[in-house]
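The values are calculated or read from the model by the stated rules, or taken from the named source; none is laboratory data. As the structure is a prediction and not an experimental result, all values here were calculated from the model. Neighbour counts are summed over all protein chains in view; Cβ atoms, including those assigned to glycine, are modelled from backbone coordinates with ideal geometry. Heads up: the accessible areas ignore ligands, DNA and RNA and are worked out on the full protein's heavy atoms, side chains in. Shrake-Rupley method; radii C 1.70, N 1.55, O 1.52, S 1.80 Å.
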Amino acid sequence: MTQVLIQGLMLSGLYALIAVGFTLIFSVGRVLNLAYGAYLMLGAYVYYYLVQSLHMPKIAGMVLAIAVGALAGWLKYKLLVKRLNGDAVAIEISTLILAVVLQSGVVLIFNDSSKILLPIVNGITRFDGVTITHNLLTASIMSWLILGGLLYFIRYTHMGRAIQAVSMDTKGAQISGVDTEQVNQLTWMISGALGAIAGVFFASYTQLSPSMWVTPLIIAVAVVIVGGIGSIVGSLIVAHIIGFMEISVSTFIGAELRGVFTMLLIIGVLVIMPKGLFGREEL
């Protein structure tokens with residue numbers, strides 16, 4: 001039971017970080033950014049190339065990976081999302097196509113074989129018979145620090161309140177003098193940066209491959225749907241539910257079935273509560 005509690009808590013923090021950037025885009029832009037998983041893949045590969053190929057310090061590699069993720073989010077908004085003028089279906093299809101294109105680009109540069117991303121923090125600790133890797137522990141702690149900072153930014157800063165206003169009512173925010181263009185650009189940049197951070201930690205927890213973006217995207221969609229589309233707090237809570245559920249299934253039933261129970265949870269929530277557990281579209 002201790003193993004489930006500790007590992008579930010650490011995995012949930014990582015899942016929360018993966019999902020929050022996806023939730024943020026839907027809250028503000030009202031679109032499902034199906035290329036979100038590509039942010040994670042891009043950030044992980046940038047970090048891998050800088051740190052393991054060019055032997056750059058890990059901190060510098062992480063900072064540059066975050067910068068590339070933020071730039072990718074900004075470019076996607078400026079060159080794709082903005083030009084499609086709010087057509088949600090066109091945006092969602094085009095972002096999915098973009099993810100596949102980016103995957104093909106990564107294959108051309110790095111080939112399609114899986115790679116091991118060395119732990120960001122080495123070492124293990126044993127507590128009450130449970131082995132805790134310092135890498136996953138660091139990922140969990142960093143996740144909560146980042147998420148706490150994001151929630152503070154959104155709720156207690158001028159720009160954060162502007163993001164809240166746009167997420168609630170875009171036209172009303174415009175009438176109130178909010179620069180919605182600036183808010184959209186910033187939101188896509190934050191989402192890209194969060195995706196890059198999550199990608200580095202996720203790849204070091206699993207493995208690095210051109211198709212690695214699919215699993216985080218499924219996790220993000222699952223968390224967002226079950227939590228209530230658009231609710232960051234709901235996403236954080238459901239990330240813990242899914243994290244603990246997957247660890248429990250892996251421990252007591254079998255690791256090969258952990259994803260099946262997640263999908264069943266999504267279907268059950270959609271049937272009983274179509275708007276999710278929290279059913280809100282607000283930050």
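Can you tell me how many residues in the stretch 212-259 are part of a helix (DSSP H, G or I), modelled with pLDDT under 75 and open to solvent by 40 Å² or more (accessible area, probe 1.4 Å)?
4
Return yes or no: is Gly148 under 18 Å from the mean Cα position of the chain (by Cα) and open to solvent by less than 20 Å² (accessible area, probe 1.4 Å)? Even if it seems obvious, please write down each step before you answer.
Numbers: under 18 Å from the mean Cα position of the chain (by Cα): yes; open to solvent by less than 20 Å² (accessible area, probe 1.4 Å): no.
The answer is no for Gly148.
Which of the residues that make up the stretch 181-211 are β-branched (Val, Ile, Thr) and surrounded by fewer than 18 Cβ atoms within 10 Å (Cβ to Cβ)?
Selection gives Thr206 alone.
Under the condition of being assigned to a helix (DSSP H, G or I) and of a type in the set (A, V, I, L, M, F, W, C), which residue from the stretch 26-36 is surrounded by the most Cβ atoms within 10 Å (Cβ to Cβ)? Give the steps one after another, and end with the answer.
Within the stretch 26-36, the subset assigned to a helix (DSSP H, G or I) is 26-29, 36.
Retained after the next criterion (residues that are of a type in the set (A, V, I, L, M, F, W, C)): 26, 28.
Details: Phe26: 22, Val28: 27.
Ranking the qualifying residues of the stretch 26-36, first place goes to Val28.
Being within 24 Å of Thr215 (Cβ to Cβ) and either free of Cβ contacts under 8 Å to residues at least 24 places away in the same chain or open to solvent by 30 Å² or more (accessible area, probe 1.4 Å) (or both) is the filter here, so list the residues in the stretch 89-106 that pass it. Even if it seems obvious, please write down each step before you answer.
Step one: list which residues in the stretch 89-106 are within 24 Å of Thr215 (Cβ to Cβ), which gives 91-106.
Within the stretch 89-106, Glu92, Ile93, Ser94, Leu96, Ile97, Leu98, Val100, Val101, Leu102, Gln103, Ser104, Gly105 meet the criteria.
Restricting the search to the stretch 166-180, which residues are touching a helix residue (DSSP H, G or I) at 6+ places or on another chain (Cβ under 8 Å), surrounded by 12 or more Cβ atoms within 10 Å (Cβ to Cβ) and either in contact (Cβ under 8 Å) with a residue 40 or more places away in the chain or assigned to a helix (DSSP H, G or I) (or both)? Quick ask: steps written out before the conclusion?
We begin by selecting, within the stretch 166-180, every residue touching a helix residue (DSSP H, G or I) at 6+ places or on another chain (Cβ under 8 Å); these are 166-167, 170, 172-174, 176, 178-180.
Those still in the list that are surrounded by 12 or more Cβ atoms within 10 Å (Cβ to Cβ) too: 166-167, 170, 173-174, 178-180.
Across the stretch 166-180, the qualifying residues are Val166, Ser167, Thr170, Ala173, Gln174, Thr180.
Output the residues belonging to the stretch 151-198 that are over 13 Å from the mean Cα position of the chain (by Cα) and of a type in the set (Gly, Ala, Ser).
Of everything in the stretch 151-198, those that are over 13 Å from the mean Cα position of the chain (by Cα) and of a type in the set (Gly, Ala, Ser) turn out to be Gly160, Ala162, Ala165, Ser167, Gly172, Ala173, Ser176, Gly177.
Would you tally the residues in the stretch 1-22 being under 21 Å from Ile154 (Cβ atoms) and either surrounded by fewer than 24 Cβ atoms within 10 Å (Cβ to Cβ) or of a type in the set (A, V, I, L, M, F, W, C) (or both)? Step through it out loud before you land on a result.
If we filter the stretch 1-22 for residues that are under 21 Å from Ile154 (Cβ atoms), which is where we start, we get 12-22.
Remaining after also requiring either surrounded by fewer than 24 Cβ atoms within 10 Å (Cβ to Cβ) or of a type in the set (A, V, I, L, M, F, W, C) (or both): 14, 16-20, 22.
Within the stretch 1-22, residues that are under 21 Å from Ile154 (Cβ atoms) and either surrounded by fewer than 24 Cβ atoms within 10 Å (Cβ to Cβ) or of a type in the set (A, V, I, L, M, F, W, C) (or both) number 7.
Listed here are the residues, each with its yes/no results for (1) of a type outside the set (A, V, I, L, M, F, W, C); (2) more than 26 Å from Leu137 (Cβ to Cβ).
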| position | (1), (2) |
| --- | --- |
| Ser12 | yes, no |
| Leu17 | no, no |
| Val31 | no, yes |
| Leu40 | no, no |
| Val51 | no, no |
| Val63 | no, no |
| Ile66 | no, no |
| Trp74 | no, yes |
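Considering (1) closer than 27 Å to Phe202 by Cα; (2) out of contact with any strand residue (DSSP E or B) (no Cβ under 9 Å at 6 or more places or on another chain), say which one Val166 fails and leave the rest.
Only one criterion is unmet by Val166, namely (1).
Those residues that are open to solvent by less than 60 Å² (accessible area, probe 1.4 Å), more than 15 Å from the chain's Cα centre (by Cα) and touching a residue at least 12 places away in the same chain (Cβ under 8 Å), I need them from the stretch 37-66; list them, please. Outline the logic, then answer.
Residues of the stretch 37-66 that are open to solvent by less than 60 Å² (accessible area, probe 1.4 Å), as a first pass: 37-48, 50-53, 56, 60-62, 65-66.
If we keep only those that are more than 15 Å from the chain's Cα centre (by Cα) as well, we get 45-48, 50-53, 56, 60-62.
Across the stretch 37-66, the qualifying residues are Tyr45, Val46, Tyr47, Tyr48, Leu50, Val51, Gln52, Gly61, Met62.
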